[in-house]
1. Net charge near Ala60, counting Lys/Arg +1 and Asp/Glu -1 over other residues with Cβ under 15 Å of its Cβ?
2. Between Gln112 and Ser70, 0.36 nm times their residue separation minus their Cα-Cα distance comes to what?
3. How big is segment 8-120 in terms of Cα radius of gyration and Dmax, in angstroms?
4. Along the positive direction of the dipole of the chain (beta-carbon charges: Lys, Arg +1; Asp, Glu -1; about the Cα centre), which of Gln13, Thr114, Val48 reaches farthest?
5. Under the 0.36 nm per residue contour assumption, what length would be gained going from the current alpha-carbon distance of Ser27 and Leu101 to full extension?
6. Quick one: net charge around Val48, please, counting Lys, Arg +1 and Asp, Glu -1 for every other residue with C-beta under 15 Å from its C-beta.
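What follows is calculated from the coordinates using simple rules that are stated; it is not laboratory data. Keep in mind the model is a prediction, meaning the values are calculated, not measured. We place every Cβ from the backbone using ideal geometry, glycine too, and count neighbours over all the protein chains shown.
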Amino acid sequence: QVQLVESGGGLVQPGGSLRLSCAASGSIFSINAMAWYRQAPGKERVLVAAITSRGSTNYADSVKGRFTISGDNAENTVNLQMNSLKPEDTAVYYCSMGIYLSRGIYTNYWGQGTQVTVSS
């Protein structure tokens with residue numbers, strides 16, 4: 001069994017900061033990639049940031065320069081440091097990981113999501 005649990009969401013004022021964390025537990029052979037997505041009410045879930053096992057990163061244009069993704073494969077965790085938050089960043093944030101359960105068995109996993117609200 002593999003589970004992903006997010007933490008760190010909450011209410012913050014515009015211009016403030018939050019740090020999201022996601023930890024995976026269970027029988028994990030290796031992690032290929034880790035990512036953060038977000039979904040606002042009535043909208044599609046979109047990629048915010050991603051990091052591969054090689055350390056390569058990718059960010060949505062809307063968060064470049066403000067958000068930083070980092071991961072620790074040894075600890076099976078991924079973090080998202082969010083600075084200079086804007087009201088339009090308000091959404092449920094989900095972590096996702098591509099995980100090898102064993103050689104040749106690969107599955108994408110999702111966390112339950114954590115609410116981030118940016119408002120005065």
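1. +2
2. Difference between extended and current length: 13.2 nm.
3. 14.1, 49
4. Toward the positive end, the furthest listed residue is Val48.
5. Result for the pair: 26.0 nm of gain on full extension.
6. That works out to +2.
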